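Undergrad: What follows is a single structure, and I will ask about it in a moment.
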Amino acid sequence: MAHIEDATSGHVTCESCSLASARKGEHFEIMAVDDDFARIQALRFGMSEGSCVECVTRIPAGPIVVMSGRQEIAVGRGLAERIQVRKRHHGHHRDEHATS
Amino acid sequence: MPRSTEAPKSADALCHGHPTGTVAREGVETIVLAGNPNVGKSVVFNAFTGTYVDVSNFPGTTVELTRGRFGDIDVVDTPGVYGVSSFNDEERVARDIILTGDVVVNVVDAVHPERDLFLTLQLVDMGKRMVVALNMADEARKRGVGIDRDLLEDLLGVPVIETVAVSGEGLENLKASICEARVGHPGHDIEAQLVEMAARVGSRAEALMVLEGDPIVSERHGVEPGTGRDAIYLRRRDRVNDICGHVVTETKQGASFSTRLSQWMMHPATGIPMLLGLMYVMWVVLGQWVAGGLVGVLEETLMLGYWVPFVEDAVGSVFAQGSVLFTILAGEFGVLTMTPTYLIGVILPLVTGFYLLLSVLEDSGYLPRIAALADRSLMAVGLNGRAVIPLILGLGCVTMGTLTTRILGSKRERFIATALMAIAVPCSAQIAVIAGLMARTGWLYSALYVGFLLFVFGAVGAVLNKLVPGQSTDLLIDLPSLRTPRLDNVVRKSGIKVWNFMKEVTLFFAAGAVLISVLEVTGSLDWIIRVAAPLTVGWLGLPAEAATAFVMGFVRRDFGATGFFTMNLTDAQLLVGMITITLFVPCIASAMVILKERGWGYFAGLFAGSIVIAFIMGGVVARVAGVL
């Protein structure tokens with residue numbers, strides 16, 4: 001499993017921001033979902049606070065599509081803005097998952 | 001634990017040879033199927049009951065409940081839900097059915113255990129006797145997902161059966177396992193509270209609902225809803241992740257073709273051309289091949305060439321031509337002439353073609369991707385991408401589309417989507433008749449027709465978005481795996497839909513034909529034609545007889561469009577007529593559903609609004625098209 005070092009990601013890393021700023025290929029840890037229904041629904045999908053997702057597509061002006069486990073989930077832009085995430089670096093969350 | 005692989009011959013034979021002692025045989029009365037959307041529940045239901053029900057790859061299709069029999073046992077299919085609670089109608093329905101069920105068969109998608117086991121653990125915590133069907137085992141293997149079934153069975157404490165429902169694999173095992181259904185191992189942290197609450201409300205399942213803060217179940221028992229939902233859910237999520245960590249092994253594969261295809265479908269740069277390509281294919285298949293070719297043969301050669309002269313002769317030999325009964329049976333709008341001509345000659349072939357294409361779309365998993373692609377555009381009319389589901393189903397049948405608005409997140413969205421469908425979305429039968437008529441004109445008029453409808457759709461939507469109070473919800477939708485639809489599934493499913501649709505259409509067409517004929521023989525029709533002349537001739541630039549079509553349009557819009565068949569119209573007049581009748585009042589069947597789902601006030605407003613919009617737009621089109 002290849003680790004990609006921080007230095008190789010060409011832009012400023014975001015330590016705490018909204019999912020709406022996600023770019024394709026980036027990995028995030030979900031920090032908080034500021035919407036009662038969406039928080040519960042995301043939790044059911046497996047995208048709970050504390051879990052890791054990968055941004056697979058960013059539809060211009062539209063939803064952010066993330067991969068949570070093997071599940072693709074489309075998140076409307078407005079909702080994505082209310083989801084606080086912390087950027088992770090590829091590979092880390094897998095190691096963590098294996099030891100949890 | 002021995003498990004028979006023999007098919008039970010009947011319910012009596014079902015549990016013989018299974019002296020497990022853990023289950024009271026006579027206790028099995030109702031089996032409830034529960035699972036997330038698109039996990040193959042309906043196919044499993046079919047395997048139990050032998051009757052085919054709607055199976056699709058789209059979240060939210062099974063709005064209605066389906067009941068069947070498995071020997072002497074009742075089997076109930078529930079709407080696909082991600083959890084048991086009261087967030088929407090489907091969850092409320094599923095919750096109540098699950099609460100009353102004796103045994104739950106929980107169908108789990110083996111490809112997405114992290115998502116599906118959340119519901120499983122909730123059912124386990126509810127203390128339901130249950131069996132887990134680990135479905136789509138073949139797809140999981142293909143995608144490199146391995147699940148340790150034995151270990152999962154141990155961790156959950158209930159039988160876990162691997163199945164591939166679409167091919168029937170493992171279904172006999174599943175049926176046999178009903179006898180071994182049992183209560184699983186619950187999460188321990190709320191055990192004490194659960195036992196205490198169960199003593200107050202009567203059952204463990206309802207106690208869990210109360211603790212999770214379900215307002216409806218709490219009210220039923222006169223207790224305060226619990227406040228611990230988030231904590232309970234989080235711990236359940238942790239337990240799901242823990243179980244998955246132990247039982248799931250994944251051989252990570254690179255981005256497969258379907259992953260890339262999925263992204264192409266959703267990105268505007270590639271997704272819009274794909275969508276346009278799809279629409280072009282639909283136009284070629286439905287508009288050219290079916291409407292142009294098949295309908296020509298069926299309608300003109302078979303129905304008008306053989307059937308109508310035959311009926312006219314037969315009826316004419318009993319009742320004199322021109323008599324009241326002759327007119328009703330075999331006249332211009334005759335029950336035996338016009339009704340079967342359009343039903344068999346025009347509507348049947350096009351509706352069949354349409355539902356076949358729709359089923360392919362549903363089963364392929366393309367629809368939710370269109371939802372993601374269209375999200376931004378639909379926000380302009382106060383909806384989110386999810387609304388493409390009811391809207392596209394509305395193209396099949398507005399009644400079905402209206403029922404499916406239940407999957408939308410807010411009352412405001414249901415309000416807007418229902419209105420848009422009733423006004424600007426033609427149903428398949430109507431498209432059938434209109435395609436038949438428009439096939440006579442050039443492609444320009446077809447394009448103008450679609451363009452005007454899209455304009456009205458956008459304009460009405462934008463206005464409603466401004467006027468309707470409340471807040472629309474944001475898109476949050478899970479995208480099912482892309483699959484190649486199975487031909488047998490598609491054919492059986494569309495067959496059932498076409499059959500149900502045609503039954504309803506036939507009834508309304510026949511009733512409408514009688515009504516129009518009665519108006520004709522009593523002279524009322526002539527009176528209406530004269531009175532409406534300023535509107536039809538003066539404003540719309542159509543022949544005076546067009547009033548007949550609008551009267552027919554009150555019965556059904558497709559029936560109304562049929563009224564234009566016999567008039568000799570110019571291409572421009574045809575366009576005006578088609579647009580006006582499309583925007584006209586919804587058919588009686590969908591009007592009933594709208595009334596039931598949205599109430600009188602909404603219905604009256606919609607009815608009046610659609611007539612006003614239809615005639616205003618018709619007049620505008622008439623002027624634009626230069627008819628006058």
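The values are calculated or read from the model by the stated rules, or taken from the named source; none is laboratory data. Only a predicted model underlies this, so the values are computations on that prediction, with no experimental measurement involved. Because the Cβ atoms are built from the backbone with ideal geometry, glycine has one as well, and the counts that use them run over all protein chains shown.
Undergrad: When you look at B:Ile147, is it within 14 Å of chain A (Cβ to nearest Cβ) and buried (at least 21 other Cβ atoms within 10 Å of the Cβ), yes or no?
TA: In short, yes.
Undergrad: Evaluate the following for B:Arg556: is it basic (Lys, Arg), out of contact with any Lys or Arg (no Cβ under 6 Å at 6 or more places or on another chain) and surrounded by 17 or more Cβ atoms within 10 Å (Cβ to Cβ)?
TA: Judged against the criteria, B:Arg556 is a match.
Undergrad: Which residues, counting only those in segment B:356-384, are within 18 Å of B:Met266 (Cα to Cα), over 16 Å from the mean Cα position of the chain (by Cα) and crowded, with 22+ Cβ neighbours inside 10 Å?
TA: B:Arg369, B:Ala372, B:Leu373, B:Ala374, B:Asp375, B:Leu378, B:Leu383, B:Asn384 - these are the residues of segment B:356-384 that are within 18 Å of B:Met266 (Cα to Cα), over 16 Å from the mean Cα position of the chain (by Cα) and crowded, with 22+ Cβ neighbours inside 10 Å.
Undergrad: Let me ask another. Restricting to segment A:61-78, name every residue that is modelled with pLDDT of 90 or more, surrounded by fewer than 21 Cβ atoms within 10 Å (Cβ to Cβ) and within 7 Å of chain B (Cβ to nearest Cβ).
TA: A:Gly78
Undergrad: Sticking with this one: For segment B:386-428, how many residues meet the condition of being among the small types (Gly, Ala, Ser), in a helix (DSSP H, G or I) and within 14 Å of another protein chain (Cβ to nearest Cβ)?
TA: Number of matching residues: 1.
Undergrad: While we're here: Can you tell me which residue in segment B:234-255 is nearest to A:Arg39 (Cα to Cα), limited to those that are touching a residue at least 40 places away in the same chain (Cβ under 8 Å) and not in a helix (DSSP H, G or I)?
TA: So the residue we want is B:Val248.
Undergrad: So is B:Arg260 more than 30 Å from B:Pro340 (Cβ to Cβ), within 14 Å of chain A (Cβ to nearest Cβ), surrounded by 14 or more Cβ atoms within 10 Å (Cβ to Cβ) and free of Cβ contacts under 8 Å to residues at least 60 places away in the same chain or not?
TA: no
Undergrad: While we're here: Identify all residues within segment B:385-402 that are surrounded by fewer than 23 Cβ atoms within 10 Å (Cβ to Cβ) and in contact with a Pro (Cβ under 8 Å, 6 or more places away or on another chain); write none if there are none.
TA: B:Leu395
Undergrad: Based on this model, can you work out whether B:Val217 counts as β-branched (Val, Ile, Thr) and either more than 14 Å from every other protein chain (Cβ to nearest Cβ) or more than 20 Å from A:Ser48 (Cα to Cα) (or both)?
TA: Yes: the conditions hold for B:Val217.
Undergrad: Just the residues that are under 25 Å from B:Glu212 (Cα atoms), under 23 Å from the mean Cα position of the chain (by Cα), among the hydroxyl-bearing types (Ser, Thr, Tyr) and more than 14 Å from chain A (Cβ to nearest Cβ), please, taken from segment B:64-112.
TA: Of everything in segment B:64-112, just one residue is under 25 Å from B:Glu212 (Cα atoms), under 23 Å from the mean Cα position of the chain (by Cα), among the hydroxyl-bearing types (Ser, Thr, Tyr) and more than 14 Å from chain A (Cβ to nearest Cβ), namely B:Thr78.
Undergrad: Which condition number does B:Ala231 fail, the rest of (1) away from every other protein chain (no Cβ under 14 Å); (2) free of Cβ contacts under 8 Å to residues at least 24 places away in the same chain; (3) farther than 30 Å from B:Lys142 by Cα being met?
TA: (1)
Undergrad: Right, next: How many residues does segment B:446-486 contain that are buried (at least 18 other Cβ atoms within 10 Å of the Cβ), more than 14 Å from chain A (Cβ to nearest Cβ) and among the hydroxyl-bearing types (Ser, Thr, Tyr)?
TA: Going through segment B:446-486 one residue at a time, the tally reaches 2.
Undergrad: Oh, and also: Quick one: count up the residues across segment A:12-55 that are among the polar types (S, T, N, Q), part of a loop (DSSP other than H, G, I, E, B) and within 12 Å of another protein chain (Cβ to nearest Cβ).
TA: 2
Undergrad: If you don't mind, another one. When both residues are 6+ apart or on different chains and their Cβ atoms are under 6 Å apart, which pairs have a first residue that lies in segment B:274-293 and is modelled with pLDDT under 85, and a second that is among the aliphatic types (A, V, I, L, M) and outside any helix (DSSP H, G or I)?
TA: Note: pairs meeting the criteria are B:Ala291/B:Ala439; B:Gly292/B:Ala439.
Undergrad: Another one. Is it the case that some residue within segment B:513-525 is assigned to a loop (DSSP other than H, G, I, E, B) and over 21 Å from B:Gly577 (Cα atoms)?
TA: Yes, some residue in segment B:513-525 is assigned to a loop (DSSP other than H, G, I, E, B) and over 21 Å from B:Gly577 (Cα atoms).
Undergrad: Another one. Quick one: B:Ile161 ticks every box in (1) farther than 26 Å from B:Asp488 by Cα; (2) crowded, with 23+ Cβ neighbours inside 10 Å; (3) touching a Gly at 6+ places or on another chain (Cβ under 7 Å) except a single one, so which number is it?
TA: (1)
Undergrad: Further question on the same structure: Which residues, counting only those in segment B:312-355, are surrounded by fewer than 22 Cβ atoms within 10 Å (Cβ to Cβ) and modelled with pLDDT under 85?
TA: B:Gln321, B:Gly322, B:Glu332
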